[in-house]
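Peer 1: The structure that follows is given in the form of structure tokens.
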Amino acid sequence: MNKRKTLFFALIALAISLACELLLFNFRPLTSIGREWTPLPAPEITDDLAGGKTLTLRFYGVDRNIRQCHVAVAVYDRDGNTVGTNLVIQYTDDGHSDLYRAGSVRYTLEHDHASYFCINSYGDVHNLVFRVEAPERLCTWAFVTAEVNGSIPFHISFPRIGGIFAVLMLFWFLRPSSVLHDNRLWNRRRWVKGVCVLLLLTLNAFVCFKLTTCNDAFVHIADNWTHHRQYALLARAFAEGTTWVETPEQEQAIPLLQEMSNPYDLDQRTPLYGQNITPPWDTAFYGDHLYVYFGVVPVVLGYLPYYLITGSDLPTYLIAWVCFVLVLIGAFAFLRALIRRCFPTTSFPAYVLLSLLLGNCTGVLFYTLEPSFYIVPVCMALAFVLFALALWISAAERWEKTLGSSVDPADPETLCFVPVCAAPRAAGIGFRIALGALLAALVAGCRPQFLVFTALALPILGPFIRKESRRAVTLRRIVAFALPYIAVAIPLMYYNYIRFDSPFDFGANYNLTTNDMRLRGIKPDRLPDGLFAYLFTLPNVKLQFPYLHRVDTTPIYLGRTITEPMFGGSLVTFPFLWLIVCARRVKGLLREKKLWLFFLLPVLLAVVVIIADTEMAGILLRYTGDYLALLYLSASLVYLVLLEQAAPQQRRRLRVFLTAVTVFTLAVCLLIAINASYLETRTPEAYFRLKDFLSFG
């Protein structure tokens, strides 16, 4: 690597980063240098936040040209904490005799950069009105200042400069002509690859931890969020030898629920709130007790051991973060096994970028800012299936060696990972198959939708079952695959039976939620809404932070269904998934590598999962995690085949595409997380920190 060129580009990248900070993120302060602020006269104040959610400041007879404004009003909630303020700007000018709405800005007193803004009037401004909108009633407020035509202070962010610099250097180091794409560089000191992966995982885990812990609403679960403590309550129940989870407050509601003709009807439960009784929410009600219908495996593996050892409840945000890290490690492990067996000439940087995409953008980044108990079983299941696939592919590679049907490449130094050379022991193959099956079976006790990943064992292990001439070996490995499923199914079926009198009933139909799940049924009319919302909805992009905004998902289905705003369909929002439509170009090579079914099956299973989620639950953002890994798996196969068969010039374009799409998708997922987590109302401090970091002007 030419050190002079790298140093020269580093200086250029630093200059570009500084220029972006000054000219892009601070262009308004730059254009207002040298001005002096002029205070506005005392305003006429109407309304009051104590009795409503709005407060109006009116400045009459301003009669001057105004460009820059600084209006600061501190708004506090009932506990005295600063909350986000929405400031609506209205004025009359030479072109408008009546007040008209110019726009609005949002800020808090601690992060008041947005309280400095520029207006664009028709000539002189005559009357100026600011309406303060609080997020809730009974807020208090304090007027700080109102001044015009001054110098907006610079807001220099060194982390932002560092982030831009890091992205530019990433593109430099991974440019098409970079020697980093030559595997011989990595294989001379193979430990360097391990160190690089370890550093990336550590950095990724640290970023996830910082994002996870910045949302105080989930780090410190409120007392009225009892349904968010269900796993902790279940751990305590197991320790006492029971399976129900009602709290003393909820016990008061059980007799009232039993007296109702239909306790699953929200309209019948609503009057309980007027009796100072909080009915259970998102909890299964059956017989005389309340139960957790979410998967029990996270309790058995996490909450219960923690409670037995410490005597206290395991913080949900902590186990959520552990699951995030397991997903990241699982993505690296799965792609390592896949590349070593099927695409050995893939460059190491391509492996790293694909792993970051698969690990972060199939759910982790969506959930980091909302580490609730809802996402614990989802991420745990995703981690389990990624490790299971890695183990099965590793077993297939070793099984192929025992059959003598594989050919080792001549020069191991040109490979991303050196394949297995020596014939492995049969016990190692059976162990990998069994351990992978155990992990894949455990998802039934986490998020049953992930059981569809079991079908991927067919294209991975099926060809070797047919080729294996030793029937005893084939039978042992089939048994090794089947036994873990049986071992997991028996206790799960018993757990279901003692709660809901049926080994096959997980209790979701008895959920106390917005609708009676028992009567939901299977309605084909729901499917167009679900498929369109999950896959094809156009994103709602605006210049206003956080740029990617919610998309209305009002259904055409004339009936009861559950929807929440989305942020664009997966096939539209994530460019890497566009590679799926290129499958026809590489169909021949996929067939040659015996990967066509391994490509096709995840796409079909993703559609099946979307249909199931739409019918059983509805259209919810967190359910995208049920199928995104399947789509990314198929898209990764197409990319790896394209990269392997491409001419040098095409290979360079593919490398640029992967680098760009990785950075873009990570940014999109972070923006979705900021918006979807309702961070602005739950933890305004964190929201406005991110806003200051990512906002322009």
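The values are calculated or read from the model by the stated rules, or taken from the named source; none is laboratory data. Since this is a predicted model, take the numbers as computed values, not measurements. Heads up, the Cβs are rebuilt from the backbone with ideal geometry, glycines too, and the neighbour counts pull from every protein chain shown.
Peer 1: Which residues, taken from the stretch 294-313, are out of contact with any Pro (no Cβ under 8 Å at 6 or more places or on another chain) and crowded, with 22+ Cβ neighbours inside 10 Å?
Peer 2: Residues satisfying the conditions are 296, 299, 303.
Peer 1: Under 8 Å between Cβ atoms, at least 6 apart or on separate chains: pull out the pairs that start in the stretch 396-410 with a residue that is in the same structural domain as residue 475 (by TED's automatic domain parsing) and surrounded by 13 or more Cβ atoms within 10 Å (Cβ to Cβ) and end on any residue that is at pLDDT below 80 and among the hydroxyl-bearing types (Ser, Thr, Tyr).
Peer 2: Pairs that qualify, where the first residue is in the same structural domain as residue 475 (by TED's automatic domain parsing) and surrounded by 13 or more Cβ atoms within 10 Å (Cβ to Cβ) and the partner is at pLDDT below 80 and among the hydroxyl-bearing types (Ser, Thr, Tyr), are 397/406; 400/406.
Peer 1: Let me ask you something else. Listed residues 293, 264; which is closer than 20 Å to residue 380 by Cβ, touching a residue at least 24 places away in the same chain (Cβ under 8 Å) and outside any helix (DSSP H, G or I)?
Peer 2: 293
Peer 1: Tell me which residues, restricted to the stretch 457-483, are loosely packed, with under 13 Cβ neighbours inside 10 Å and either polar (S, T, N, Q) or part of a loop (DSSP other than H, G, I, E, B) (or both).
Peer 2: Of everything in the stretch 457-483, those that are loosely packed, with under 13 Cβ neighbours inside 10 Å and either polar (S, T, N, Q) or part of a loop (DSSP other than H, G, I, E, B) (or both) turn out to be 469, 470.
Peer 1: With over 25 Å from residue 438 (Cα atoms), modelled with pLDDT of 95 or more and assigned to a helix (DSSP H, G or I) as the only criterion, which of 322, 299, 352, 327 stands out?
Peer 2: 352
Peer 1: Looking only at residues that are at pLDDT below 85 and exposed (fewer than 13 other Cβ atoms within 10 Å of the Cβ) in the stretch 91-140, which one is farthest from residue 56 (Cα to Cα)?
Peer 2: In this case the residue turns out to be 110.
Peer 1: Out of 215, 224, which single residue is within 22 Å of the chain's Cα centre (by Cα), at pLDDT below 90, closer than 30 Å to residue 249 by Cα and not hydrophobic (A, V, I, L, M, F, W, C)?
Peer 2: 215
Conditions (1) in the same structural domain as residue 448 (by TED's automatic domain parsing); (2) hydrophobic (A, V, I, L, M, F, W, C); (3) at pLDDT 95 or above, marked per residue:
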{"site": "331", "(1), (2), (3)": "yes, yes, yes"}
{"site": "362", "(1), (2), (3)": "yes, no, no"}
{"site": "366", "(1), (2), (3)": "yes, yes, no"}
{"site": "374", "(1), (2), (3)": "yes, no, no"}
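Peer 1: Return the pair list, or none, for Cβ contacts closer than 6 Å from residues in the stretch 518-545 that are in the same structural domain as residue 620 (by TED's automatic domain parsing) and at negative phi to residues that are small (Gly, Ala, Ser) and not in a strand (DSSP E or B), at least 6 apart or on different chains.
Peer 2: The qualifying pairs are 535/569; 535/570; 536/569; 537/568; 537/569; 539/568; 545/695.
Peer 1: If you check residue 358 against the conditions, is it buried (at least 24 other Cβ atoms within 10 Å of the Cβ), of a type in the set (A, V, I, L, M, F, W, C), under 27 Å from residue 415 (Cα atoms) and assigned by TED's automatic domain parsing to the domain that holds residue 660?
Peer 2: In short, yes.
Peer 1: Here's something else I'd like to know. Can you confirm whether residue 500 is touching a Gly at 6+ places or on another chain (Cβ under 7 Å) and in contact (Cβ under 8 Å) with a residue 60 or more places away in the chain?
Peer 2: It is true that residue 500 is touching a Gly at 6+ places or on another chain (Cβ under 7 Å) and in contact (Cβ under 8 Å) with a residue 60 or more places away in the chain.
Peer 1: Of the conditions (1) in a strand (DSSP E or B); (2) without any contact (Cβ under 8 Å) to a residue 60 or more places away in the chain, residue 123 satisfies every one except a single condition; which number is it?
Peer 2: Going through the list (1) in a strand (DSSP E or B); (2) without any contact (Cβ under 8 Å) to a residue 60 or more places away in the chain, residue 123 breaks only (1).
Peer 1: So how many residues does the stretch 553-571 have that are farther than 16 Å from residue 613 by Cα and in contact with a Ser or Thr (Cβ under 9 Å, 6 or more places away or on another chain)?
Peer 2: 3
Peer 1: Right, something else. Report every pair of residues separated by at least 6 positions or lying on different chains whose Cβ atoms are under 6 Å apart, first residue within the stretch 1-12 and closer than 18 Å to residue 166 by Cβ and assigned by TED's automatic domain parsing to the domain that holds residue 161, second assigned to a helix (DSSP H, G or I) and of a type outside the set (A, V, I, L, M, F, W, C).
Peer 2: none
Peer 1: Same structure again: Which residue out of 610, 619, 580 is surrounded by 20 or more Cβ atoms within 10 Å (Cβ to Cβ), among the β-branched types (Val, Ile, Thr) and under 18 Å from residue 361 (Cα atoms)?
Peer 2: Matching residue, one of 610, 619, 580: 610.
Peer 1: Which of (1) aliphatic (A, V, I, L, M); (2) touching a residue at least 40 places away in the same chain (Cβ under 8 Å); (3) in a loop (DSSP other than H, G, I, E, B) is the odd one out, the single condition residue 72 does not satisfy?
Peer 2: (3)
Peer 1: Yes or no: residue 584 closer than 26 Å to residue 655 by Cα, part of a helix (DSSP H, G or I) and of a type in the set (Lys, Arg)?
Peer 2: For residue 584, the condition - closer than 26 Å to residue 655 by Cα, part of a helix (DSSP H, G or I) and of a type in the set (Lys, Arg) - is met.
Peer 1: Looking only at the stretch 548-577, filter to residues that are assigned to a loop (DSSP other than H, G, I, E, B) and within 18 Å of the chain's Cα centre (by Cα); which one of those is surrounded by the fewest Cβ atoms within 10 Å (Cβ to Cβ)?
Peer 2: Per the stated criteria, the residue is 564.
Peer 1: Let me ask something else about it. Just the residues that are among the hydrophobic types (A, V, I, L, M, F, W, C), within 23 Å of residue 688 (Cα to Cα) and either at pLDDT below 85 or assigned to a loop (DSSP other than H, G, I, E, B) (or both), please, taken from the stretch 531-547.
Peer 2: Of everything in the stretch 531-547, those that are among the hydrophobic types (A, V, I, L, M, F, W, C), within 23 Å of residue 688 (Cα to Cα) and either at pLDDT below 85 or assigned to a loop (DSSP other than H, G, I, E, B) (or both) turn out to be 543, 545.
Peer 1: Spot the failing condition for residue 29; the list is (1) free of Cβ contacts under 8 Å to residues at least 40 places away in the same chain; (2) out of contact with any strand residue (DSSP E or B) (no Cβ under 6 Å at 6 or more places or on another chain); (3) not in a loop (DSSP other than H, G, I, E, B), and only one is missed.
Peer 2: Of the numbered conditions (1) free of Cβ contacts under 8 Å to residues at least 40 places away in the same chain; (2) out of contact with any strand residue (DSSP E or B) (no Cβ under 6 Å at 6 or more places or on another chain); (3) not in a loop (DSSP other than H, G, I, E, B), the odd one out for residue 29 is (1).
Peer 1: Any idea how many residues of the stretch 5-54 are exposed (fewer than 12 other Cβ atoms within 10 Å of the Cβ), more than 19 Å from residue 117 (Cα to Cα) and of a type in the set (Asp, Glu)?
Peer 2: Adding up the residues that qualify gives 1.
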